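Read-outs throughout are calculated quantities, based only on the coordinates presented, and are distinct from any laboratory measurement. Quantities reported herein were computed from a predicted structural model and do not represent experimental measurements. Quick reminder, even Gly has a Cβ in these numbers, built from the backbone with ideal geometry, and neighbours come from all protein chains shown.
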Amino acid sequence: MKKVTVTALSVVIGVGLLAGCTTKNESSDPAAAGNASNGTKPKVVTITVRENTWGARKDNFIEAQKRLNEDLKAKNVQVNIDWWPGIDDDELVLQATAGKVADVFMNSSVDIGWERDGGLIRDIDWVKDSSVFKGVPDSYTNIMKYDGHYYGVIQDMDASPVFISRKALTGLGWTGEQIDGLKDRVDKGDFIFSDLVNLADDAKKKKLVKMGFAVEDKRFEGWNYAFGFYNYDADQNKMVLSPKVKDVYAFWSDSVKRGVISEGIGDIDTDKAAPMFVKGEIFAEFARTEFYQMMREANGMKDDIEGYNKWFKDNVVWIPVPSAEKGGKPASYSNPAMIFVGSKVDDEKMPYVQQLIEHVMDPDLQINHTIASGKLPVTPAAQEDARFKAMDFYKDHAYLVSFTRTRPAHPDYATFVQGFTLGVDAILTKGKSSEEAYELFKKEVKQNVPADHVIIQ
């Protein structure tokens, strides 16, 4: 995610960037020639959609379009999709400045704030009454809302299990029964974060693994949540700098001194970590749901689900991120994808956009995306799909989403976290203390986050 501010950018530059977006590629449907019983040509509604081919996202939009047109036959209406190329955040802003905003596009949940402030998206309060989202956890509702309105539709979800080497635990003398009961202990607050650190320390000292912890793409927030440091006050829509962060920094400092983690931990992204974990080189991997699938591919078992499930049971155990306090609740964090509606969609067009998006969220299409991407579905109806229930790992850890926190949508979030990460880096590479890291973090926030956008406790 990149924080972007819309400025008075040159329309000439913006128009230059539009060169790659002017070619129309409308989805065709034979019914467009006349799908009413009286043979008259239907009213054609064209919805522009920015292409996103990851997982089953584009395939799901194509299928949703077909289903919507079946629904609209009786009204003699035909919806076509005009596909626009997918682009990065900078180009989104430039093209919006030049008046080019797609009707529908996907981005991260953390992008709501700057997209709204930049005039790229509009409110979609119909989500509140949509039957599709009845029964979803409150956390999903909170993700889709910002500053009192709905601005996005959550498209998929993941949680953040900690994947632990079963063989390393066995090497530490743990029995199969103890290993299988670990998740329950975490849920009850009996097994806490310091216990996990101690195990990683023991496993490394006994040379059962090469690395104690690996963490996905420098996404350290999940550890913050375990220590009660939540970054954000939604009611006031402000970032929060709490002295509690010193507890998080103390963990980093202690882990470095003990050799549980090394200064290169931030460079081991999931692409590198998956084969390392498969080889037994990492004790614990802090990652998202889809790491399960990444390990399958690293194992060369992309098409051997049965064989991979056996390997997983023999080699891996997973838990939520343990609380830092005895008796505390576990943590989980995520960065889900959202479907956004462009600011140029008017109230006349909105019902068709709404119905298209709701069909994208049809339960079976969500599971198609789960199978293709490794992400979790988001609605209760999708989790009842027989294919989902047959996938033990997904089914068993779906409960994590009920307490999964997400990165806040505040426009200054990226700058705030950059300051936090500088503190971590000072501990890792410069041997700074937790107190020194905290002071560096605070200095960065005071310098770079507007005073009225942050609460410093």
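In this rough spin-label picture, where each label sits 7 Å from Cα along the Cβ direction, the S130-D88 distance is 2.9 nm. For the stretch 413-456, the extents of the C-alpha atoms along the principal axes are 33, 18, 12 Å, listed from largest to smallest. Summary value for the chain: 25 percent relative contact order, contacts being C-alpha pairs under 8 angstrom separated by 6+ residues. The peptide list 74-80, 408-414, put in order of mean Cβ contacts within 10 Å with the highest first, becomes 408-414, 74-80. Helix content alone sets the calculated 222 nm mean residue ellipticity of the chain: runs of n ≥ 4 DSSP H residues at -39500 (n - 2.57) each, divided across all residues, give -12000 deg cm²/dmol.
Let me know the longest stretch in the chain that avoids all GluC sites (Glu not before Pro) found in a DSSP loop with at most 12 other C-beta atoms within 10 Å. Counting at most 12 other Cβ atoms within 10 Å as exposed, the longest clean stretch of the chain is 1-347. Spin-label model, D364 to Q418: label points 7 Å out along the Cα-to-beta-carbon direction sit 4.7 nm apart.
So for the stretch 237-340, Kirkwood radius off the Cα pairs, Stokes-Einstein at 37 °C and 0.692 mPa s: how many µm² s⁻¹? It would help to have the intermediate numbers written out before the result.
Values: Rh = 16.5 Å.
Rounded to a whole number, D works out at 199 µm²/s.
With a simple spin-label model that places each label point 7 Å from the Cα along the Cα-to-Cβ direction, the separation between Y399 and I456 comes to 4.2 nm.
Partners of K75 within straight-line reach, counting lysines whose Cα lies under 19 Å from its Cα and excluding those fewer than 8 residues away in the same chain: K41, K43, K66, K349. The ranking of S160, S343, S194 by Cβ neighbour count inside 10 Å, starting from the fewest, reads S194, S343, S160. Across the stretch 413-456, C-alpha contacts under 8 Å between residues 6 or more apart give a mean separation that, scaled by the residue count, equals a relative contact order of 44 percent.
Rounded, prolate or oblate: pick one for the stretch 171-263, where a ≥ b ≥ c are the square roots of the eigenvalues of its C-alpha gyration tensor, a/c under 1.5 means rounded, and failing that, prolate if a/b is larger than b/c, else oblate. In terms of gyration-tensor shape, oblate. For the chain, DSSP calls about 55 percent of its internal beta bridges antiparallel. Can you give me the C-alpha center-to-center distance between the stretch 222-272 and the stretch 296-321, rounded to a whole angstrom? If you average the Cα positions of each part, the centres end up 28 Å apart. Between the stretch 105-175 and the stretch 330-387, how many Å separate their Cα centres? What the calculation gives is 11 Å, centre to centre.
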